[in-house]
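Asks: Next up is a structure, given as structure tokens.
A short reminder: the numbers here are calculations on the coordinates, not readings from a lab. Predicted model, so just to flag it, every value in this text is computed and none were measured. So basically every Cβ, Gly included, is an ideal-geometry build from the backbone, and we count neighbours across all protein chains shown.
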Amino acid sequence: MPDFNAPHYEALRPDAPMPKRVSTVRTLMYIGGVCGILMSLLFVMGLSASPEEMQAALDEQTAMAAEQGVAMAFDLDMMRSFMAFAVVVTGLYGALSFFIASRLRNRTVGVFWATMLFQGVAGGILLWGLLGGEILMIVPLGFAVTMLGFMWAKESRAYYGLL
């Protein structure tokens, strides 16, 4: 006989408060959304620099890399293309994270799976970067994995009616 007093069954009530794990995921997604949007704006600021300023910065970076024995094969157009791509990626991440976080209060299966899919894709991209040698990817990867784990907890699934 199941224990209907267990916390995950409590989450099945229609008037149940949002579980702490879900509210933690919601808070982290709001923070990630704001960070993504702000990062996108920083790249937009970089794109707004004049071609002369950007070329000077690129020449300085190339000289610093050459001092360390690293050859850089970037030109101005490639750098601008990279920055435009970064604007789109970080802006899209920020906007989606913020949007999904704002919908987490809705107790629908779609919101649950949208969160799982979003964090799963973000975690996969971060894992790919980590395996590619970007050791600092481990920090946001840890957040993505934590959010996936928190959403997969029994009381979180019960809150969205998935028990």
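Asks: What does the highest-first list of 51-63, 68-80, 138-150, 18-30 look like by mean Cβ count within 10 Å?
Replies: Result, highest mean Cβ count within 10 Å first: 18-30, 138-150, 51-63, 68-80.
Asks: Another question, then. Angle, helix 138-152 long axis vs. longest principal axis of the chain, Cα atoms, 0 to 90°, nearest 10?
Replies: Roughly 20 degrees, rounded to the nearest 10.
Asks: Could you state the number of Å between the C-alpha centres of segment 51-118 and segment 120-161?
Replies: Using only Cα atoms, the two centres lie 18 Å from each other.
Asks: What nm distance separates the two modelled labels at Cys35 and Ala56, each placed 7 Å from Cα along Cα→Cβ?
Replies: 3.2 nm
Asks: Please list, in order along segment 41-55, the HN-Hα scalar couplings obtained from phi with the Karplus expression 6.51 cos²θ - 1.76 cosθ + 1.60 (θ = phi - 60°), rounded to whole Hz, x for Gly and Pro.
Replies: Listing the rounded values in order: 5, 5, 5, 4, 4, x, 5, 7, 5, 5, x, 5, 5, 5, 5 Hz.
Asks: Report the paramagnetic label zone for Thr146: residues of segment 78-122 whose backbone N is under 17 Å from a point 7 Å from Cα along the Cα-to-Cβ axis.
Replies: Residues 119-120, 122 qualify, since their backbone N sits under 17 Å from the label point.
Asks: By how many nm would the segment from Arg13 to Leu130 grow when fully extended, if each residue of separation counts as 0.36 nm and the alpha-carbon distance is taken off?
Replies: Going from the current span to full extension adds 38.0 nm.
Asks: Which whole-number percent is the relative contact order of segment 19-160 (Cα, under 8 Å, 6+ apart)?
Replies: Rounded, it is 34 percent for segment 19-160.
Asks: Using a simple charge model, +1 on the beta-carbon of Lys and Arg, -1 on the beta-carbon of Asp and Glu, nothing else, what dipole does segment 19-160 show about its Cα centre, in debye to the nearest 20?
Replies: Value, rounded to 20: 1520 debye.
Asks: For the chain, what is the Kirkwood hydrodynamic radius in Å, using each pair of distinct C-alpha atoms?
Replies: Radius from the Kirkwood sum: 18.3 Å.
Asks: Another question, then. Output the 0 to 90 degree angle, nearest 10, between the alpha-carbon long axis of helix 76-103 and the longest principal axis computed from the alpha carbons of the chain.
Replies: 10 degrees
Asks: Which of the peptides 153-160, 43-50, 117-124 is most tightly packed, and how do the rest follow, going by the mean number of other Cβ atoms within 10 Å of each residue?
Replies: Top of the packing list down: 153-160, 117-124, 43-50.
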